[in-house]
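K.L.:
Quick one: the structure is below, questions incoming.
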Amino acid sequence: MSRTRWLMTGLCVAGAAGALWSFSWFAGQLYPHATAGDLAYKPADDMPPRVDMASVQRDWPASLGDPGDGNRLIAYHREMRGKAPMPSASTGPVAAAPAVDLGTLLVGADAAAGKAKTQLCASCHDFTQGGPNRIGPNLWGVVGRPVGSHAGFAYSPAMKAHGGSWTYDKLFEFLASPGRDVPGTKMSFAGLRRPEDRAALIKYLATLGNGAPSMPKPKALASTAQ
Ligand code: HEC
């Protein structure tokens, strides 16, 4: 082979290697990889040296929204790696997620914001008095109304079997995830994840008509009243 041939071959090989390397570099940027048990993302420098694991477990997951809690979580995992298996139900009480109190949420809820949220429902529901059924039933006065009872709407068997009336609590559960709360419902709506959004929406729904029962009392107030 001539010298130029050798040179060309060399360049091709080097080029191919370079292309491969840059591709894998690029893939690494997209998907940082880590071996099992490693953290894919580097913890920040201001990591607290020691973590009060009990407190992390106790507040979990409510506290994770606070600034710096990502680091607490990472530090917590670091500590857990060197330790015995996670506490199971039999080794002691595991702190339950703190329950949201609907009564308290409703006091702080903003009905106007709730009204804005009904845009998410408007493609399927009418909210006016005497208004039509659409894909879903008319929702005027739904708070306090017996479940699945609006005239002229063909409810699913699942909804008919749900029973009772739409209390604040029931709506709060249902709107979080209709399909989970009433399996088989034909309301194809993912749900409103944020409890605050649901509370605001329900507060607004309760203003439609006169049938809504009084709002549940905040837990804190109810206990001091006794
Ligand atoms: C994709 C259409 C769709 C959307 C969006 C939707 N719904 Fe529904 N909804 C339905 C259908 C259909 C039903 C009847 C369910 C059944 O019979 O299983 C229903 C039922 C309901 C019921 C029970 C009514 C009764 O008379 O028992 C409530 C309450 C309700 N929806 C509230 C809402 C709210 C609040 C929103 C917005 C956050 C919403 N829905 C969004 C379709 C929808």
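K.L.:
Within the set of pairs 6+ apart or on separate chains, which have a first residue in region 190-208 that is β-branched (Val, Ile, Thr), a second that is near the ligand (Cβ under 8 Å from one of its atoms), and C-beta atoms under 8 Å apart?
P.N.:
Within 8 Å, the pairs are ILE202/LEU171; ILE202/LEU175.
K.L.:
I've got another one for you. Considering only residues that are touching a Lys or Arg at 6+ places or on another chain (Cβ under 9 Å) and either among the hydroxyl-bearing types (Ser, Thr, Tyr) or more than 17 Å from PRO183 (Cα to Cα) (or both), which ones fall in region 150-165?
P.N.:
Correct list: TYR155, SER156, SER165.
K.L.:
Right, something else. Taking the stated definitions as given, is ALA97 modelled with pLDDT of 95 or more, more than 7 Å from the ligand (Cβ to nearest atom) and loosely packed, with under 11 Cβ neighbours inside 10 Å?
P.N.:
No.
The values are calculated or read from the model by the stated rules, or taken from the named source; none is laboratory data. Computed from a predicted model, the values in this text were never measured in an experiment. Positions of Cβ are generated from backbone atoms using ideal geometry, with glycine treated the same way; all protein chains shown enter the neighbour counts.
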